[in-house]
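One structure below.
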Amino acid sequence: MAVDQLNDGFRRPGTASTGRRYGTVTAAVAGLVAVVAGLLLAGLPAGAVPSDSAEYVKYYTVTSSYQGAPETLGGISQRFLGTTDRSVEIFSLNVGRTQLNGDKLSDPKILRPGWQLVLPWDAVGTGVQYGLLPQKNSKPAPSGSAPAPAAPGQSTPTRAPTNTRTPRAGNPAVVPSAAPKPTYKSGQCAAATTSNSPSNWAALRLAPDQAWAHSRGKDQLVAIVDSGADGSLAQLAGRVALGADIVSGSGRGNTDCLGSGTGMAGIIVAKPTQGSALSGIAPDATVMPVRIVTTKAEARASDQAAGIEVATSAGATVIALGSYVNTSDAAVAKAVATAVSRNIVVVFGAPTTTTPTSPDMVTGGDGVLRVGGVGVGGQPAASYRPSMVDVVAPGLNVTTLGVTGTGVLASNGTPYAVAFVAAEVALVRAAYPGLDAAQVTHRVKVTADKMSDAVPDKRYGYGTINPAAAVTRELAEEHHAVAPAARRSFDDGPTSGNRTMALIIVGVVGLVAAGLLAFRVRRLVHPDQDGTADGSAGKAPDRGDTGGAVASAGEAAARDSGRHRSEHGMPSPPAGSTQTSPSPRQSSPAAVRE
């Protein structure tokens, strides 16, 4: 009714064409309003339905109420992720997935008690569980209990069907509130030995302090797949997560008997203490130790692949592979490929001439970094295969942390060079969160200090890593990098981007409507400026009650026009033609000047 009245106000009697024209305008305006409404209602992403395949996840069992109020996605997000803005992530992870009772989450406002909600990997808090999601015929595990082990021979798209041990712990990525006690017995672990006194040459060469004004590795989770890491050491206190023990299934990776993992952790996150000036390259990062060996310096192939998979599932942003991981193994290569596909940078030692050849060997490429170790004079730490090194880092006579009370010592080996590079990757990822794994590895390579005229060099690749350059140098090829999308909450309604677009369209519609109104008012006030008032210039007016007046005006105009033509010798119009009086826009130049 309101639209009809609006059209009637713009329509003069007897002008059907005008009515049709303004009806078309009204329809166009209505179409634009529909577009605005569609944008405002486009609040929920169409995310893909998650699969029910078994894999290690964090999850939460919905209760009937929390603090006397019904459970909501916003409340769960606030408790476990610190903000309601990420409730949309929880919804996307669970929408369409079949629950134990056969129901499916479809409405973000409706949760049923007993539903298992998969959570993002940085979720922390009482009630967050870690492991395989309970199946329909199994009972949900109580909070903090061990997840049920996978059935023998069970395979999933993201896990190799080789290892059936599952870590019996809570969240492997969370730093425990208290330092762990060593689990090894006296005399069980070999004492660390060194032939050199600790040297500070690596820190002087890399000068990580020059990068710390721009990045310290904050919010980066560096997984070390090796012998674990001694979280009881003062230098590592508060910087080593619980981790995972793949071998024994105890769930604790923050203990170490062989020492190599602890040495790698110290290079990455150690903090200076009394009697030790050792400082990690990425001091604000967190190390998550994944233990694939205990007291024996040999890891089964199934444990190696499972260690990488656990690190991937736990949300690591960088994975550093120690010397116990064979990158020529098919299962390991598959696990590495999965990690890279999930935007994780994987760093490992470059293959040596004694490494068995295999068609399944992990080769170089986007998202991975093959590292060679070098000494203070550039001598290699091992006999690496030519053209199989991406970058190099200190690997001989480097200062590390030891276990079993050894303290600070000098160590040699490619794994320590891997730790240096992994720490730099953490710095880059913290400084440039919008870069993907491929862009991060590219930045590490091109900012390295070249060691020969040829780049990449057959022995040194792109050269020695340079932490300060890696986090400060501008690269033209990164100018079009896409920043991460802003998160929103279901409690917030449409996104700010949708609001902005809607406001723009509403503004355009308003301007068009205002223009039409102003144009119509002008024509109503000055009907003689554009032909007749109804826009039908050149047509005979519809004679009604005003027909006589219109005819008299027309005849007078015709007489004046005939006199004007006669006085100036202009020919008269042909008989039967229609003569209209000129409008002001058609008057002579003199009239315009007046």
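Candidates in the stretch 365-380 are the residues that are within 37 Å of the chain's Cα centre (by Cα) and closer than 17 Å to Pro351 by Cβ; of these, the one that is surrounded by the fewest Cβ atoms within 10 Å (Cβ to Cβ) is Gly365.
Identify all residues within the stretch 391-409 that are surrounded by fewer than 24 Cβ atoms within 10 Å (Cβ to Cβ) and in contact with a Leu (Cβ under 9 Å, 6 or more places away or on another chain); write none if there are none. Gly402, Gly407, Val408, Leu409, listed by residue number. Filtered by the rule that a residue be of a type in the set (Val, Ile, Thr) and part of a loop (DSSP other than H, G, I, E, B), the stretch 252-308 gives Thr255, Ile281, Ile292, Val293, Thr294, Thr295.
Can you name the condition, by its number, that Ala430 falls short on among (1) of a type outside the set (Val, Ile, Thr); (2) buried (at least 19 other Cβ atoms within 10 Å of the Cβ); (3) modelled with pLDDT of 95 or more; (4) over 18 Å from the mean Cα position of the chain (by Cα)? With (1) of a type outside the set (Val, Ile, Thr); (2) buried (at least 19 other Cβ atoms within 10 Å of the Cβ); (3) modelled with pLDDT of 95 or more; (4) over 18 Å from the mean Cα position of the chain (by Cα) applied to Ala430, the lone miss is (4). Looking across the stretch 208-224 at every residue that is farther than 12 Å from Ala470 by Cα, out of contact with any Gly (no Cβ under 9 Å at 6 or more places or on another chain) and aliphatic (A, V, I, L, M), the one that is least open to solvent (accessible area, probe 1.4 Å) is identified as Val222.
The values are calculated or read from the model by the stated rules, or taken from the named source; none is laboratory data. Keep in mind that this is a model prediction, so the values were computed, not measured. So basically every Cβ, Gly included, is an ideal-geometry build from the backbone, and we count neighbours across all protein chains shown. For the accessible areas, the whole protein counts, side chains as well, though only heavy atoms, and no ligand, DNA or RNA atoms are used. Shrake-Rupley method; radii C 1.70, N 1.55, O 1.52, S 1.80 Å.
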